[in-house]
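Engineer: Structure in structure tokens, see below.
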Amino acid sequence: MSFVPIRKILDGCCEDQKVALRGWVYRKREGKQTVFLIIRDSSGIIQCPVKKESKAWSQAEKVTIESSLTLEGTVKKDTRAPGGWEIVTEKISIIGLAELFPITKSQSEEFLRDVRHLWLRSRRMNLVMKVRSEVQRFTHEFFKRQEFVEVSPPMFITSACEGGSTLFGLKYFDQNMYLTQSAQLYLEILIYSLEKVYCVAPSFRAEKSRTIRHLTEYWHIEAEQAFADMKDLMLLEEELMAYICRRTVESCKREFEELAADISKLASVKTPFPKITYTEAIEKLNAKQFKIEWGDDLGYEEEKALADNFGKPFFIHDYPKQIQAFYCKTPKDNPQLAMSTDMLVPRIGEISTGGAREDDKEKLVARLKEMGLREKDYDWYIDLRRYGTVPHVGFGMGLERLLTWMLDLENIIDAIPFPRTVRRFYP
Ligand code: 4AD
Ligand code: MG
């Protein structure tokens, strides 16, 4: 007999038929005449009652939570069963009898994080991981439709992209190297051959802040485009976002429902997104309880206040140059500004940063000096401006921040299977 995925049974494939299942014991409730096993596989959970007179009775009595098994029985419709179906069980073969499982009901978040390797079996994490996989699929789908070429950046790097304070250093044989903070500079190299490139790859930040939106290792969706300007950039980003939301609504209805996450906010994501300048953002904030000077960076509280007010994704653009990275281009008519833009969403704040890159060699070198960076560390990057420079733009979006927003997760650490933070790096 071949094994049927539980999802198919819940979808009504096998009424009154004999089926075989394989999976794990999710819950067990013992009565005098019946043992109720709830069995899970990758696709779902289903109730499997075992009657005292069944041949499976002794195995059902013996089996423990999280034991692995195969089971045979007859599918019955039953409105009292979770999901509306059950399998009246006739045979059980235990594969691995589990020891006493440490996770029981109502345990602290802290404990669940300590036993992440076991907690990943939970229904909740199962569903989050499925949505994550779909969001990755739609990201690739989007860029391929837009004729971007997927490229593979290095993780070992020699100079910072986003400032030294969040660089992880490491010994590379006899040399000092770092873990990448962003693939941007490498994507910039590749546009001179491929024009439109993207990647989804890990980025690392030695980030000490303990917030709901910071990891030390996260997955970064990054793209870079030649012969393009700020308008093209914001269009690309908002179309990506709208595409991911629309496709996820179609594909993950069931997961959102079971996770009790609000899918309607995704369905209402429509282009064009609202766009305000940094200066307008400050005015809005100062009209509330904030006191921000032009030139101050926006922190989480400020971003959250603005984003909650919009209630949907939007852009802030034209930031002061002094709070932006060395590679940002300045507009001709206003050298105080950087052609840079962040996308923000409610509750999380910033989920992407992008902008136009300085394509003039002299200006780039001057900017490196101004920021106290060594020209020789960026020699190959300056080469790109020496040989056939072109105007270009690009952005980076944190996959886990995106998921935290999409799924209403309380904390970013639930958007990734093995979170790394200042305090957590096990297992
Ligand atoms: O704003 P960031 O630092 O920008 C860059 O790295 C650019 N070089 C990207 C580019 O233009 N290609 O990072 C981009 C995004 C942030 O908006 C945020 O979503 C995410 O990466 N991010 C983090 N996500 C989780 N944990 C952290 N510690 C993160 N730091 C940044
Ligand atoms: Mg940023």
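Only the coordinates and a few stated rules stand behind these numbers; no lab work does. Everything numeric in this text was worked out from a predicted model, so none of it was measured. All Cβ positions, glycine included, derive from the backbone under ideal geometry; neighbour counts span all protein chains shown.
Engineer: Take segment 361-427, compute every pairwise Cα distance, and split them into 10 Å bins from 0; I just need the percent in each bin.
Structural biologist: Going from the shortest bin to the longest, the percentages are 16, 27, 16, 29, 12.
Engineer: Sorted from largest down, give the three principal axis spans of the alpha carbons of segment 122-201, whole angstrom values.
Structural biologist: Its Cα atoms span 44, 39, 22 Å along the three principal axes.
Engineer: Between MET129 and MET1, what is 0.36 nm times their sequence separation minus the Cα-Cα distance? Round to one decimal in nm.
Structural biologist: This chain segment gains 43.1 nm when fully extended.
Engineer: Want the number for ILE212 to THR158: 0.36 nm per residue separation, take away the alpha-carbon distance, what's left?
Structural biologist: 16.5 nm
Engineer: In nm, to one decimal, how far is the ASP297 label point from the LYS253 one, both placed 7 Å along Cα→Cβ?
Structural biologist: The answer from the label model is 4.4 nm.
Engineer: In debye to the nearest 20, how big a dipole does the chain give about its Cα centre with +1 on each Lys and Arg Cβ and -1 on each Asp and Glu Cβ?
Structural biologist: Working: 64 positive and 64 negative charges, 372 e Å.
Charge dipole, the chain, about its Cα centre: 1780 debye, nearest 20.
Engineer: Looking at the P(r) of the chain, how many percent of alpha-carbon pairs lie beyond 37 Å? Before the final figure, lay out each step's value.
Structural biologist: Numbers: 33442 of 90951 pairs.
Result: 37 percent of Cα pairs exceed 37 Å.
Engineer: Please list, by residue number, every one of the trypsin sites (Lys or Arg not before Pro) in segment 241-311 that is coil in DSSP and has at most 12 other beta-carbon atoms within 10 Å. Present the calculation step by step, with values, prior to reporting the outcome.
Structural biologist: On the way: sites: ARG246, ARG247, LYS253, ARG254, LYS265, LYS270, LYS275, LYS284, LYS288, LYS291, LYS304; in loops: LYS270, LYS288, LYS291.
Hits after loop and neighbour filter: LYS270, LYS288, LYS291.
Engineer: If each residue of separation counts as 0.36 nm, what is the full-extension length gain between ASP383 and ASP333 once their alpha-carbon separation is subtracted? Show your work: numbers first, answer last.
Structural biologist: Values: separation 50, 0.36 × 50 = 18.00 nm, distance 2.62 nm.
Using 0.36 nm per residue and subtracting the Cα-Cα distance, I get 15.4 nm.
Engineer: Based on alpha-carbon atoms only, what is the radius of gyration of segment 306-427 relative to the globular estimate 2.2 N^0.38 Å?
Structural biologist: Values: Rg = 17.8 Å, N = 122, 2.2 N^0.38 = 13.7 Å.
In units of the 2.2 N^0.38 Å rule of thumb, it is 1.30.
Engineer: Mean residue ellipticity at 222 nm from the helices of the chain, using -39,500 (n - 2.57) per DSSP H segment of n ≥ 4 over the full residue count, to the nearest 500 deg cm²/dmol? Numbers along the way, then the final one.
Structural biologist: Working: 14 runs with 133 residues, N = 427.
That calculation yields -9000 deg cm²/dmol at 222 nm.
Engineer: Could I ask something else about it? How much of the pair distance distribution for segment 1-77 lies past 19 Å, counting alpha-carbon pairs only, in percent?
Structural biologist: Considering segment 1-77, 30 percent of its Cα-Cα pairs are separated by more than 19 Å.
Engineer: Taking segment 1-60, which GluC sites (Glu not before Pro) meet the DSSP loop condition and have no more than 12 other C-beta atoms within 10 Å? Each step should come with its number before you reach the end.
Structural biologist: On the way: sites: GLU15, GLU30, GLU53; in loops: GLU15, GLU53.
Within segment 1-60, the qualifying GluC sites (Glu not before Pro) (loop, at most 12 other Cβ atoms within 10 Å) are GLU15, GLU53.
Engineer: Which lysines does LYS363 reach when only Cα atoms under 27 Å apart count, and residues fewer than 8 places away in its own chain are ignored?
Structural biologist: LYS196, LYS231, LYS321, LYS329, LYS332, LYS376
Engineer: Across all directions of projection, what mean area in square nanometres is found for the Cα convex hull of segment 215-297?
Structural biologist: Averaged projected hull area, Cα only: 9.0 nm².
Engineer: Sorted from largest down, what three extents in whole angstroms do the Cα atoms of segment 124-279 have along their principal axes?
Structural biologist: Sorted from largest, the Cα extents of segment 124-279 read 53, 40, 35 Å.
Engineer: Using Cα pairs under 8 angstrom and six or more residues apart, how large is the relative contact order of the chain, in percent?
Structural biologist: About 12 percent, as a whole number.
Engineer: Taking the convex hull of the alpha carbon atoms in segment 59-134, what volume per residue do you get, in Å³?
Structural biologist: Cα-based convex hull of segment 59-134, divided per residue, equals 152 Å³.
Engineer: Longer than 26 Å from Cα to Cα, which of LYS62/LYS105; LYS18/LYS253; LYS171/LYS208 are they? Say none if no pair is.
Structural biologist: Those over the limit are LYS18/LYS253.
Engineer: Working from the pairwise distances between different alpha carbons, so that the mean of 1/r is found and then inverted, what is segment 48-188's Kirkwood radius in Å?
Structural biologist: 20.9 Å
Engineer: Quote the FRET efficiency, to the nearest 0.05, computed for VAL390 versus PHE290 with a Förster distance R0 of 51 Å and r equal to the Cβ-Cβ distance. Spell out each step's value before the answer.
Structural biologist: Details: r = 39 Å, r/R0 = 0.77.
About 0.85, to the nearest 0.05.
Engineer: Among the chymotrypsin sites (Phe, Trp or Tyr not before Pro) within segment 379-427, which fall in a DSSP loop and have no more than 11 other Cβ atoms within 10 Å of their own Cβ?
Structural biologist: TYR387, PHE425
Engineer: Kirkwood hydrodynamic radius, segment 199-348, all distinct C-alpha pairs: what's the number in Å?
Structural biologist: 17.4 Å
Engineer: When 1/r is averaged over all different Cα pairs and the result inverted, which Kirkwood radius in Å belongs to segment 1-46?
Structural biologist: Mean inverse Cα-Cα distance, inverted, gives 11.5 Å.
Engineer: For segment 328-388, take the convex hull of the Cα atoms, compute a quarter of its surface area, and give me that in nm², please.
Structural biologist: Numbers: hull surface 22.3 nm².
Here the figure is 5.6 nm², rounded to one decimal.
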